Amino acid sequence: MVIAEDSVLLREGLTRLLTDRGHEVVAGVGDGEALVRTVAELAAAERLPDVVVADVRMPPTHTDEGVRAAVQLRAAHPGLGVLVLSQYVEEQYATELLAGSTHGVGYLLKDRVAEVREFVDAVVRVAQGGTALDPEVVAQLLGRSRKQDVLSALTPREREVLGLMAEGRTNSAIAGQLVVSHGAVEKHVSNIFQKLGLSPSDGDHRRVLAVLRYLNS
């Protein structure tokens, strides 16, 4: 993987955290341009990484360089997983990142890094093509506009299940979180897909498409 973070201490800390757990970090960079260039060089050498971990805000302006680099990389390398880190929930950037393919994408708050096991699990999940969205990100994206009625057909429990789905949790993990049976979760998930008009042909990514259907309404 490649880590893009302008803070040398945090970049080195992330590298150590991940390598200590058996993951290979092939490069660390400090800005968005260097990230795009490094991944291009690795791809040219047929060493495209499984995932990049990038800060949303990096030099020179410390606004959106990281997320723009992430979007650019996903367009150039569809199989590349991208996990972005942010100090705060920035809805515009989260929505922009999720607007394309939902394959191999994550958005976490930096505080989540302190929860080492959850962070490493998120990196691995994104590298394998899954999704990892911070619970705070999901909460804000789902609750940002009460004018929209896309989710009005969902019950409170279905909304709760949808939020956990968007975080990248499996049905088994949702069942454990809500202390309900696996069968009950499957029924809720099926109802959500049906109410949001997501057919089986949409594949496994219906889980995130359910959230995107709300965001794009």
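A few notes on this one:
- Wholly enclosed helices (runs of 4 or more DSSP H) of segment 13-112 bearing at least 1 residues within 25 Å of residue 164 (Cβ to Cβ): 65-76, 91-98
- Pairs meeting the criteria (first residue in segment 151-175 and over 19 Å from residue 107 (Cα atoms), second residue hydroxyl-bearing (Ser, Thr, Tyr) and modelled with pLDDT under 85, beta carbons under 6 Å, at least 6 apart or on different chains) are 151/214.
- Near pairs, Cβ below 7 angstrom, 6+ apart or cross-chain, from segment 34-49 (under 19 Å from residue 65 (Cβ atoms)) to any residue that is of a type in the set (Gly, Ala, Ser) and assigned to a helix (DSSP H, G or I): 35/69; 36/69
- Residue match in segment 31-42 (condition: exposed (fewer than 13 other Cβ atoms within 10 Å of the Cβ), more than 21 Å from the chain's Cα centre (by Cα) and among the hydrophobic types (A, V, I, L, M, F, W, C)): no
- Residue 71 vs. criteria open to solvent by less than 60 Å² (accessible area, probe 1.4 Å), in contact (Cβ under 8 Å) with a residue 40 or more places away in the chain and of a type outside the set (Gly, Ala, Ser): no
The values are calculated or read from the model by the stated rules, or taken from the named source; none is laboratory data. What you see is a predicted model, and the numbers here were worked out from it, not measured in a lab. Positions of Cβ are backbone-derived with ideal geometry, glycine not excepted, and every protein chain shown enters the neighbour counts. Surface areas here come from the heavy atoms of the whole protein model, side chains and all, with no ligands, DNA or RNA. Shrake-Rupley method; radii C 1.70, N 1.55, O 1.52, S 1.80 Å.
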